[in-house]
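The values are calculated or read from the model by the stated rules, or taken from the named source; none is laboratory data. Since we're looking at a predicted model, the values are computed, not measured. With ideal geometry, Cβ positions are generated from the backbone for all residues, glycine too; neighbour counts draw on all protein chains shown. With ligands, DNA and RNA removed, areas are computed over all heavy atoms of the protein, side chains included. Shrake-Rupley method; radii C 1.70, N 1.55, O 1.52, S 1.80 Å.
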Amino acid sequence: MGNPAGVRALGYGHGVTEWASDTAGSLVGWPGPLVGSGARRAGSAAGSVAGWAGVPVGRVVRIAGVSAGELSLALDPLPDGAPAVLVYAAPEAGSAVSFVEDVLRELERVAVELFPAWLPEAEGFTAGGAGVRAVREAARRRAATGAHFGPFLAALAQAALTDDPVPGLSAEVRAAGLARVLADGYGRSRTALLVRVPDSLSAHGQHVLVAGCEWLAHRGGLGVWLLGPLPDVDRVETVAISPGGFAEEEAPGDFAHEETHGGFAVREDPGGFAVREGDARGRAGYPAIAYPAIAGRPHPGSASEQALERALATRKWAEGRAWNQTYQAYPLEPAIRVDLLWEPERCVVEIDGIDHREPVKFEDDRRRDVRLQIAGYAVLRFTDGQVSSDTDAVARQIERFLATRRAKG
């Protein structure tokens, strides 16, 4: 595909010439792109890679051969070797500048919610004069011994502690700083953004999205993985993911077939597996960005987990609980992340959001429950709505659940 009308070239210095719409807004002042040459086309070889460590990080690729539901299951819990992966539901953006700003705003929100996972020295700090000084000093010390930019890390830490807005810094500083912070929060070396592309995205919107993603990858060091149809953009490298989470060069004809039924996309993978999906932003209950839980604490982005923890924290019988733990019976068996666990009683409590209604997730929940029950665990499930509408009633049911298990010894 040549340079379409109204589109200009932006070189990023990696032997790749990228195209951005003139109406995408000026990225040059963020600062300007580096000079590059050559062009990478859709379907170009991804190289020989194995495992999640082989999926490219630091550039934009399109993920094929797997549905969003299958990929989310493969990344929960995060596999060894994978970067910290966050899932972003892309909107129809008018410009690359507005797209990038939306992504950075969401990443900042996640970083604030994850605090102090990425700055453990600040555990227990409270807002106030002494607390602000202490958290900024902790951030400066960490930056002095690592790859972080001190002023950004100190500003982000202060904002997370005080709930104040993050001070305005350049987009390039924010992108690179957030990529490092989020990786640290999950104990990983890199961060990747899995971008769910709406099936209804216009041709202009596709070019804007890819231009914004290229900027994030090259200026922020993020891996950007696109999942969804991009029929009007042919310059994005494609990587096929096998069911086991391995990346491989995509063979011709291996693209998943997509159709639309009742306003939702149905992706039929080469293996014949169909998954009902939709634009996450157009469906109630889905956030603009989703991110993994941190072991040992309720998910910061889950209001129901937070509400249940507040209720359980005041109850003596609830002691011994552990949030977001991983169970694996054997080294080669897929790991299972459970929402809430009482290990001595072998009790598991799961809180199911709207995504658990999807066929892939629903079937996986049943398989997980069977595996846990075979291992001697009892599983009690609630919906987000049950926890949110009557947290005390849920707590009472959990109390009876635990009492029954404890009575059996």
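For segment 347-375, what are the residues that are touching a Lys or Arg at 6+ places or on another chain (Cβ under 7 Å) and open to solvent by 30 Å² or more (accessible area, probe 1.4 Å)? Give the derivation first.
Keep residues of segment 347-375 that are touching a Lys or Arg at 6+ places or on another chain (Cβ under 7 Å), which gives 347, 350, 352, 355, 358-359.
Within segment 347-375, Asp355, Pro359 meet the criteria.
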Next item on the list: Give segment 103-122 a look and list any residue that's closer than 20 Å to Arg219 by Cα and open to solvent by 20 Å² or more (accessible area, probe 1.4 Å), or say none.
Entry: Arg105, Glu106, Glu108, Arg109
Next item on the list: Among the residues of segment 226-235, write down those that are at pLDDT 95 or above and open to solvent by less than 10 Å² (accessible area, probe 1.4 Å).
Entry: Leu226
Check: Only one of (1) touching a residue at least 40 places away in the same chain (Cβ under 8 Å); (2) under 15 Å from Leu182 (Cβ atoms); (3) open to solvent by 30 Å² or more (accessible area, probe 1.4 Å) fails for Val97. Which number is that?
Finding: (2)
Note to self: Return the residues of segment 283-304 that are open to solvent by less than 50 Å² (accessible area, probe 1.4 Å) and touching a strand residue (DSSP E or B) at 6+ places or on another chain (Cβ under 6 Å); say none if nothing qualifies.
What the structure shows: Ala288, Ile289, Ala290, Tyr291, Ala293, Pro298, Ser304
Next item on the list: Being open to solvent by less than 60 Å² (accessible area, probe 1.4 Å) and either part of a helix (DSSP H, G or I) or at positive phi (or both) is the filter here, so list the residues in segment 307-342 that pass it.
Entry: Ala307, Leu308, Glu309, Ala311, Leu312, Trp317, Ala318, Gly320, Asn324
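Just to be sure before I move on: is Glu248 open to solvent by 40 Å² or more (accessible area, probe 1.4 Å), touching a Lys or Arg at 6+ places or on another chain (Cβ under 6 Å) and either at pLDDT 90 or above or not in a loop (DSSP other than H, G, I, E, B) (or both) in the structure I sent?
On the way: open to solvent by 40 Å² or more (accessible area, probe 1.4 Å): yes; touching a Lys or Arg at 6+ places or on another chain (Cβ under 6 Å): no; either at pLDDT 90 or above or not in a loop (DSSP other than H, G, I, E, B) (or both): yes.
Judged against the criteria, Glu248 is not a match.
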Note to self: Six or more apart or on different chains, Cβ atoms under 7 Å: show the pairs whose first residue is in segment 189-201 and more than 16 Å from Leu75 (Cα to Cα) and of a type in the set (Asp, Glu) and whose second is part of a strand (DSSP E or B) and open to solvent by 20 Å² or more (accessible area, probe 1.4 Å).
What the structure shows: Asp199/Glu258; Asp199/Thr260
Checklist line | Positions within segment 198-213 being open to solvent by less than 10 Å² (accessible area, probe 1.4 Å) and either touching a helix residue (DSSP H, G or I) at 6+ places or on another chain (Cβ under 7 Å) or among the acidic types (Asp, Glu) (or both), in sequence order | finding: Val208, Leu209, Ala211, Gly212
Checklist line | Single residue of segment 44-61 satisfying the filter (outside any helix (DSSP H, G or I) and open to solvent by 30 Å² or more (accessible area, probe 1.4 Å)) that is modelled with the lowest pLDDT | finding: Ser48
Check: What pairs can you find where one residue is in segment 66-78 and touching a residue at least 24 places away in the same chain (Cβ under 8 Å) and within 14 Å of Ala192 (Cα to Cα), the other is of a type in the set (Phe, Trp, Tyr) and crowded, with 20+ Cβ neighbours inside 10 Å, and their Cβ atoms are less than 9 Å apart, with a gap of 6+ or different chains?
Finding: Leu71/Trp225; Leu75/Trp52; Leu78/Trp52; Leu78/Tyr186
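Rundown of residues vs (1) open to solvent by 40 Å² or more (accessible area, probe 1.4 Å); (2) within 15 Å of Val103 (Cα to Cα), yes/no style:
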{"site": "Val135", "(1), (2)": "no, no"}
{"site": "Ala138", "(1), (2)": "no, no"}
{"site": "Arg141", "(1), (2)": "yes, no"}
{"site": "His148", "(1), (2)": "no, no"}
{"site": "Phe152", "(1), (2)": "no, no"}
{"site": "Ala159", "(1), (2)": "no, no"}
{"site": "Pro167", "(1), (2)": "yes, no"}
{"site": "Val173", "(1), (2)": "yes, yes"}
